[in-house]
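Working notes, beginning with the structure itself.
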Amino acid sequence: MVERVRGLLRMAEDPSVTDAESQAFTAKAAELMTRHAIAEAETRAERGEEPDAIGRMDYTVSGAGGHGKARVRALADIAAAYGCQSAVRGNSSENTDRVIILVGTVSALDALRMLMPSISMQMESSAKFMSSAHVTDIRELRNYTRSALETERKRYYRSFVRAYGQAVAERIKEFRRRLQEMAGPNGTGGFSAGKDGTSIRGAELVLRDDVHRVQEEFQKQFPQLRKHRPERTHSPAGARAGYQRGRQAQLGLETSVTGGGTSSLPTKE
């Protein structure tokens with residue numbers, strides 16, 4: 001399964017394929033990883049085995065263009081959709097790279113390690129295209145200075161990236177919830193009787209326990225954190241476009257997204 005996912009992502013990142021083909025390859029990879037993680041949780045529960053181990057992953061996020069904070073926010077939302085907790089180091093400077101620290105189950109971290117680069121590639125490609133189109137549109141409406149246009153482009157880009165990540169995260173959460181509900185011998189994701197008459201926990205309950213275990217481990221590793229300060233600049237047009245593109249991104253999840261809020265990201269001291 002892992003080799004199949006890696007093969008799909010290699011094809012997705014091939015510069016010779018079209019955007020639609022790249023999204024389709026990433027879509028299949030995301031679906032395989034999600035289904036595999038839930039099947040693994042259900043199998044462990046049925047066998048009475050220990051739950052998935054909790055691990056940590058450090059992931060470098062580019063600060064190019066001064067958009068590092070927006071990228072961190074987007075990726076933190078996506079990681080949270082996989083049940084991971086996040087902290088970030090070096091998130092105060094403009095153009096330098098920073099490190100997002102993820103704590104989660106080993107299977108969730110394995111999925112994110114492979115999927116985040118491809119999802120980021122789609123996100124950045126859409127953000128560049130849409131921000132350029134936005135600047136072209138407003139330039140034709142009134143006379144902007146070059147400096148004002150560049151400021152607007154950056155505001156739009158950052159808002160687009162944050163909203164894109166939020167929309168993708170919501171779709172992943174919904175898809176995982178649906179798979180959890182369908183998991184289990186009876187298709188309910190709840191309890192079922194084992195051969196010896198004991199109860200078997202379904203995947204839904206196993207993964208719910210994973211969330212609690214991840215939270216406990218995160219608190220142990222990061223007992224004191226500063227809250228992430230949100231960026232002051234915001235572009236409503238960029239946020240709308242990013243959220244819409246995030247909903248349309250080809251992830252193989254086949255779920256609709258409605259509503260959604262924002263959350264703060266703690267920063268490692």
Solvent-accessible area per residue, Å², over region 25-80 with all protein chains present [probe radius 1.4 Å] | 38 Å²
Per-residue HN-Hα couplings for region 75-88 [Karplus 6.51, -1.76, 1.60; θ = phi - 60°; Hz; x = Gly/Pro] = 6, 5, 5, 5, 5, 4, 5, 8, x, 9, 9, 10, 9, 9
Anything over 22 Å Cα to Cα? Flag those among Lys69/Lys220; Lys128/Lys227; Lys128/Lys154, in the order listed.
-> Lys69/Lys220; Lys128/Lys227
How large is the accessible surface per residue of region 131-181, computed with a 1.4 Å probe and reported in Å² as a whole number?
-> 52 Å²
Quick one: Karplus J couplings for region 134-141, per residue in order, coefficients 6.51, -1.76, 1.60, θ = phi - 60°, nearest Hz, x for Gly and Pro?
-> 5, 5, 4, 5, 6, 5, 7, 7
Accessible area of region 32-149 belonging to carbon and sulfur atoms, whole % at 1.4 Å probe | 50 percent
Can you list residues whose amide H is under 5 Å from Asp97's amide H, if they're 5+ apart or on another chain and H is modeled 1.01 Å from N?
-> Gly63
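The values are calculated or read from the model by the stated rules, or taken from the named source; none is laboratory data. Just so you know, these numbers come straight off a predicted model, no measurement behind them. These area figures cover heavy atoms from the full protein model, side chains too; ligands, DNA and RNA do not enter into them. Shrake-Rupley method; radii C 1.70, N 1.55, O 1.52, S 1.80 Å.
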